[in-house]
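Novice: Sharing a structure here in structure tokens format.
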Number of protein chains: 2
Amino acid sequence: MEIYESLRTNDMPFLRSAIRESRYQGHTAGLALGFLQANLVILPETYALDFMRFCQRNPKPCPLVGVSETGNPFMTTLGHDLDIRCDIPSYFVYRDGAVVQEIDNIKDLWRDDFVSFALGCSFTFENALTQAGIPIWHLVHNKTVPMYRSSIKTREAGPFGGEMVVTLRAVDADQVDEVVSISKRFPMAHGGPVHIGDPSDIGINDIRQPDWGDSPPPLEGKTAMFWACGVTPQNAIMRAKLPISISHAPGNMLITDIDDQAEVPVLAF
Amino acid sequence: MEIYESLRTNDMPFLRSAIRESRYQGHTAGLALGFLQANLVILPETYALDFMRFCQRNPKPCPLVGVSETGNPFMTTLGHDLDIRCDIPSYFVYRDGAVVQEIDNIKDLWRDDFVSFALGCSFTFENALTQAGIPIWHLVHNKTVPMYRSSIKTREAGPFGGEMVVTLRAVDADQVDEVVSISKRFPMAHGGPVHIGDPSDIGINDIRQPDWGDSPPPLEGKTAMFWACGVTPQNAIMRAKLPISISHAPGNMLITDIDDQAEVPVLAF
């Protein structure tokens, strides 16, 4: 944890070099506060148009904040020197629909036909909720947000489809309206909730048993709120059984140079 | 104008059949109030990935609200029965960078490799401004919004690039903050302004001589505000000199079934 604490800084060159040189592997929550963090998906170009359509049709789970040139590992609209092959703490490699490897850089796997996609993540609106004085259980207790495969169907595009993965945040009933209003201000970070109330309405039968992340405490006295989750595209990619694709390891996000309050996720020239 | 007045309705089947059967050709401002209207771009699939990248990198001029399957003329995420070949009052056909034809349907031109893109338009935030009691000169006087080719560069993607086209709306100085705030609420309708104040800062040397649309009145006592314009992608397409592409004729927008206050531009199942 010593290295994690030293990285709780906005000194981006320092932070990026620690990640690039593999001195830090781990989650990026709490790092580079004020900068946009993103989910990563890398695919061969032959799947890129359908994947972009999938993101456009499912903007809540898949808010597209950046797309690279084909074969170019630098994402120039998101960072001044952002090398997608090594600027994420840890990567998952998928082959034929399964995770086959976790790795700290993908330089040996890079191909001239790869296209990289960055998708917004919930850190942005969670920071805004915290600043508004609304306590978020998993942040307060240093846990991972509970994630569930819901019965909400995504809109298909080519080989991509399947159920939407959702995250849970439970709040006091009198905070629901404010939480909706704050999260809607961040369309690039999943926007407003996709469901409020009874988990079984969206196919979640045991709230204590998430499919990913930590088990939440009992919900008594709280209102359950569910947001579209950035794991949805990974689920869609596994389901599509692509010969190869790459994502960030869960929680090990791409840290961009974009102000997380920026109206659009594109660096000024 | 008689037919236009009869179409000022929210009876979508009536409105759509009048357009589909070519009984109405003309601008769609003021029609189907409360429904999202959109700019249209149709391209061969070979250019589609780069065009989507161009839109992602330039979300203010090119807010992507829908993308079709390749070769499928129905845009199912935007309408229950929306045939892109005939549901726009009038189309422009471009070949090698120039407009060569204006036509009321494109059934004879349709190709199996065409991909259709719908991009949000300013009607949405103009309606919101009007409802907030802020007078917009070109609406009050039944004119076309003045448009200018600015010196603001777009972010390139493949063959697409060039200058951003902007629209002008001039308001009283004490309304500027409210106008910014209202327009920012509509990221799918060009969002907040790209410039406020001296037109020459963005390369506009004679405000009385717009490149498209009507000449505005003198700006004395008003503050000039400029927004990214949906003509920008047409400018980029002409500049790219594609062998063929198709757009709506200016002002003759695609009328969708999407509520223009919807958080995301995707029909519920």
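No value in this document is a laboratory result; all are computed from the given coordinates. Computed from a predicted model, the values in this text were never measured in an experiment. Neighbour counts are summed over all protein chains in view; Cβ atoms, including those assigned to glycine, are modelled from backbone coordinates with ideal geometry.
Novice: Any idea what the B:Lys153 label distances to the other copies are, label 7 Å down the Cα→Cβ vector, nm, shortest first?
Specialist: Computed spacing set for this position: 4.6 nm.
Novice: Where in the range A:190-228 does the label zone of A:Asp172 land, with the point 7 angstrom along Cα→C-beta and an amide N cut-off under 20 Å?
Specialist: Of the residues in the range A:190-228, A:197, A:217-226 have backbone N under 20 Å from the label point off A:Asp172.
Novice: Just add up the charged neighbours of A:Lys222: K/R +1, D/E -1, any other residue whose Cβ is under 14 Å from the Cβ of A:Lys222.
Specialist: Here the count lands on -2.
Novice: While we're looking at this one, here's another question. Where the centre of each part is set by its Cα atoms, how far does the range A:170-232 sit from the range B:105-164, in angstrom?
Specialist: That distance is 36 Å.
Novice: Right, next: Report the relative contact order of the range A:102-177, percent, no decimals, based on alpha-carbon pairs under 8 angstrom and at least 6 residues apart.
Specialist: Relative contact order, the range A:102-177: 22 percent.
Novice: Here's something else I'd like to know. Is there a simple number for the mean count of other chain Cβ atoms within 10 Å of the Cβ of residues in B:47-56, and what is it?
Specialist: The shielding value for this peptide is 5.
Novice: Per the protein assembly as shown: cysteines with no other Cys C-beta under 4.7 angstrom?
Specialist: So far as the 4.7 Å Cβ criterion goes, A:Cys86, A:Cys121, A:Cys229, B:Cys86, B:Cys121, B:Cys229 stand without a partner in the protein assembly as shown.
Novice: Oh, and also: Looking at chain B as a GNM with Cα springs under 10 Å, which of B:Glu126, B:Glu178, B:Glu102 has the largest mean-square fluctuation?
Specialist: Evaluated over chain B, the most mobile residue of the options is B:Glu178.
Novice: Using the Cα centre as the reference, give the magnitude of the dipole from point charges on the C-beta atoms of the protein assembly as shown (Lys, Arg: +1; Asp, Glu: -1; all else neutral), rounded to the nearest 20 debye.
Specialist: Roughly 560 debye, rounded to the nearest 20.
Novice: Still on this structure, I have one more. If you find the alpha carbon centre of the range B:32-61 and of the range A:1-24, how far apart are they in angstrom?
Specialist: The two parts, judged by their Cα centres, are 38 Å apart.
Novice: What are the nm distances, shortest first, from A:Asp11 to its equivalents in the other copies, labels at 7 Å along Cα→Cβ?
Specialist: Label-point distances to the other copies, shortest first: 7.0 nm.
Novice: Sticking with this one: How high is the relative contact order of chain B? Use alpha-carbon pairs under 8 Å, at least six apart in sequence, and give a whole percent.
Specialist: Over chain B, the number comes to 31 percent.
Novice: Follow-up question, since we're still on this one. Quick one: of A:Lys60/A:Lys222; A:Lys60/A:Lys241; B:Lys60/B:Lys153; A:Lys143/A:Lys184; A:Lys60/A:Lys153, which pairs are farther than 18 Å apart, Cα to Cα?
Specialist: Too far apart for the 18 Å limit: A:Lys60/A:Lys222; A:Lys60/A:Lys241; A:Lys143/A:Lys184.
Novice: Using the Cβ atoms and a cut-off under 12 Å, what net charge is assigned to the surroundings of B:Thr124, where Lys and Arg are +1 and Asp and Glu are -1?
Specialist: After counting each charged neighbour, the total is -2.
Novice: Then there's this: Given +1 on the Cβ of Lys and Arg, -1 on the Cβ of Asp and Glu, and no further charges, what dipole in debye does the range A:1-157 carry about its Cα centre, rounded to the nearest 20?
Specialist: The dipole magnitude comes to about 640 debye.
Novice: To continue, here is another question. Calculate the dipole size of chain A relative to its Cα centre from +1 charges on Lys and Arg beta carbons and -1 charges on Asp and Glu beta carbons; express the result in debye to the nearest 20.
Specialist: 500
Novice: 7 Å along Cα→Cβ for the label point: how many nanometres lie between A:Glu178 and each equivalent label in the other copies, listed shortest first?
Specialist: A:Glu178 label point versus its equivalents elsewhere: 2.7 nm.
Novice: Could you work out the helix-only [θ] at 222 nm for chain B, with each DSSP H run of four or more residues adding -39,500 (n - 2.57) and the total divided by the number of residues, to the nearest 500 deg cm²/dmol?
Specialist: -5500 deg cm²/dmol
Novice: List the relative contact order of the range A:123-232 as a percent without decimals, with contacts defined as Cα pairs under 8 Å and 6+ residues apart.
Specialist: With pairs under 8 Å counted, the relative contact order is 34 percent.
Novice: Net charge near A:Asn10, counting Lys/Arg +1 and Asp/Glu -1 over other residues with Cβ under 13 Å of its Cβ?
Specialist: My count for the surroundings of A:Asn10 gives -2.
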